[in-house]
1. From the list A52, A14, which one is in contact with a Gly (Cβ under 9 Å, 6 or more places away or on another chain) and either at pLDDT 95 or above or crowded, with 18+ Cβ neighbours inside 10 Å (or both)?
2. In the list A88, A106, which residue meets the criterion of being in contact with a Leu (Cβ under 7 Å, 6 or more places away or on another chain), surrounded by 11 or more Cβ atoms within 10 Å (Cβ to Cβ) and within 19 Å of E31 (Cβ to Cβ)?
3. On the basis of being at pLDDT 95 or above, of a type outside the set (V, I, T), in contact with a strand residue (DSSP E or B) (Cβ under 7 Å, 6 or more places away or on another chain) and at negative phi, does E90 make the cut?
4. Pick from segment 96-112 the residues that are assigned to a loop (DSSP other than H, G, I, E, B) and of a type outside the set (S, T, Y): which of them is farthest from T57 (Cα to Cα)?
5. Please find, among P64, P7, P82, the residue that is part of a loop (DSSP other than H, G, I, E, B), farther than 18 Å from M102 by Cα and at pLDDT below 95.
6. Kindly indicate whether any position in segment 41-60 is assigned to a helix (DSSP H, G or I) and under 24 Å from R107 (Cβ atoms).
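The values are calculated or read from the model by the stated rules, or taken from the named source; none is laboratory data. All figures in this text were calculated on a predicted structure; none of them were measured in a lab. Cβ placement follows ideal geometry from the backbone for every residue including glycine, while neighbour counts extend to all protein chains displayed.
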Amino acid sequence: MSLSKPPFPYDGPAELEQPVVSALTRVVDPEVALSIVDVGLVYGVSLRDSLAQVRMTMTSPTCPVADVIIEEVETELDRALPAGWRIAVELVWKPPWAPAMMSERARRFMQW
């Protein structure tokens, strides 16, 4: 998958941008069977000083699979980044997730 621009704010080395986007695209929200990138759950990624910081949300504060998704984000980024990088996932609720944040592909899949 080749993207000219990530579908979320990215601040980090250009050579790691595509591996990060690809890693996050491999994480699937099991409740909707779509990538967290397509669902619009990733609000931003920052890579600095061997620390990958991910700001993301869930479709609902009561999401029963939040821990599973966060663990998968950490696993996929650990595989994609060079050895020695630390990963921090921050779960945020502002702005609240809305269906408009989904990709066109996801909206078609959900028939919205």
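1. Of A52, A14, the one residue that is in contact with a Gly (Cβ under 9 Å, 6 or more places away or on another chain) and either at pLDDT 95 or above or crowded, with 18+ Cβ neighbours inside 10 Å (or both) is A52.
2. That would be A106, the only listed residue that is in contact with a Leu (Cβ under 7 Å, 6 or more places away or on another chain), surrounded by 11 or more Cβ atoms within 10 Å (Cβ to Cβ) and within 19 Å of E31 (Cβ to Cβ).
3. So E90 passes the test.
4. Result: Q111.
5. Going through P64, P7, P82 in turn, the sole match is P64.
6. Among the residues of segment 41-60, not one is assigned to a helix (DSSP H, G or I) and under 24 Å from R107 (Cβ atoms), which makes the answer no.
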